[in-house]
Amino acid sequence: MTAPLTSNPGLGGRRAWLVFGLGVAAYGTAVLGRTSLGVAGLTAVEHFNSRASIIATFVVLQLLVYTAMQIPAGVLLDRFGSRTMVTIGLATMGVGQFVMALADSVPVAIVGRMILGAGDAFVFSSVIRLLPSWFPPRRVPIITQLVGLSGQAGQIVSALPFAWLLASRGWRVAFVSISVVALAGAAGTWAVLRDRPPGVPPPPRPTQGARAHVRAAFRHPGTRLGMWTHWTTSFAPMVFGMMWGYPYLTQAEGVPGPTASLLIGLLAVVGAVVGPVLGILVQRHPLRRSNLVLAMVAAGLVPWVSVLLWPGPAPLWLLVLLCAGLAVGGPGSAIGFDFARTFNPAHRLGAANAVVNLGGFTACVIATQLIGLILDAAADDSTYSLADFRLAMAVQIPLYAVGIVGMYRARARARRVLAAQGSIVPPWREALRREWRSRTRSWSRDR
């Protein structure tokens, strides 16, 4: 059905869980750095005496660099392995955060965020690349979701402890602190992390040139299905958590700062609950992964539309529902990497993961910048009304639509590839009928 990854006896032991722990610590640190400006957005407007669209540019340029680096990072990952790439990524992020800590002007801060984005590009795909080497294939979907939980933990740290440190000790101390965390993580990764179990040979290095290598990954409709999955599920939670969620809740909806921090933290809490459940469902129903993705998309899209159409400020219960719905997008986006894993050979997995990762971050860049531009066009200062924010946030709806259409088209092509390999995905009605028959036979035998 798909190109299998190498399976090795003894996978999933203590050493594997140590590697897993280092990987999730690395990714959590990356997300902490990535989302720190979302909490510090309004503080940054005052710190740099600037406008919202300029501060949004910090995030946009960071994400542009992150997105532009995905393909080079994927190619380098396939050649040099996860240990080297995670170490370089965290060290670079630490340098970027230190530049942010010392920045007193917009140009310097922009350089810091761009350095941060370059380092961030190496981390997640490198951690995901480790999993098939250390765990049995059937357990990889669940382990992938557990890695995603580490990102949620990083977001909790940025929404609560980092926000407290920023408010109590100031800009410089807060950003130096997360710089130190990233540099310490880089040192620990280099000292302890390994790409594969002892005695296991590395996968063959790509024989094609970099361009042909990436093109081969992108051309497979399964990879593109993963890319559109990542686009549709992850961009809205990233926009909310990284930049515009806190300002929207406090300025537009009138939510007190501590409550807004808790609501943003809810993205991590709900994601922690949903992720393992989703991993189990993907493991048990691999041919229904795209349907699970569409359910995750609806969980975020429907509350957003409800909030945007609500007459006056949205009630707290609806804002809780919005944050909970957005939260499932993080675990949902991990399914995109599962598509990449099962549709690509091991030596192409880094490039395929990079293509998948392009999806959500491309949409996030577009949405983040458009929101800032619309807010600046709607008001002359940094005070924005509920109507201003709702108009700006509405730009996410067309991006949802683009992702959903892309998913349906890529899924149809991927299923044709599976059919040519002899694996037919039955309609829902037929699948449910088979499940019912199977359960009936089992019940009859038990009696």
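Some observations on this one:
- Exclusive hit being among the aliphatic types (A, V, I, L, M) and surrounded by 22 or more Cβ atoms within 10 Å (Cβ to Cβ), set ALA346, ALA295, ALA327: ALA327
- Scope the stretch 239-272; condition in contact with a Leu (Cβ under 6 Å, 6 or more places away or on another chain) and outside any helix (DSSP H, G or I); matching residues: VAL255
- Any chance PRO202 is more than 21 Å from GLY89 (Cβ to Cβ), at pLDDT below 90 and assigned to a loop (DSSP other than H, G, I, E, B): no
- At least 1 residues being at pLDDT below 90 and among the acidic types (Asp, Glu) is the threshold, and among the helices (runs of 4 or more DSSP H) wholly inside the stretch 381-447 those reaching it are 386-393, 428-446.
Here is a yes/no grid of residues against (1) under 24 Å from TRP228 (Cα atoms); (2) buried (at least 22 other Cβ atoms within 10 Å of the Cβ); (3) β-branched (Val, Ile, Thr):
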| residue | (1), (2), (3) |
| --- | --- |
| VAL269 | no, no, yes |
| LEU281 | yes, no, no |
| GLY300 | yes, yes, no |
| LEU322 | yes, yes, no |
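- The set of residues in the stretch 209-249 that are modelled with pLDDT of 90 or more, open to solvent by 10 Å² or more (accessible area, probe 1.4 Å) and farther than 17 Å from LEU301 by Cα comprises ARG224, MET227.
The values are calculated or read from the model by the stated rules, or taken from the named source; none is laboratory data. Quick caveat, the model's predicted, so the values are computed rather than measured. A quick note on method: Cβ atoms are made from the backbone with ideal geometry, for glycine too, and the neighbour counts reach across all protein chains shown. Just so you know, the surface numbers come from the protein's heavy atoms only, side chains and all, with ligands and any DNA or RNA stripped out. Shrake-Rupley method; radii C 1.70, N 1.55, O 1.52, S 1.80 Å.
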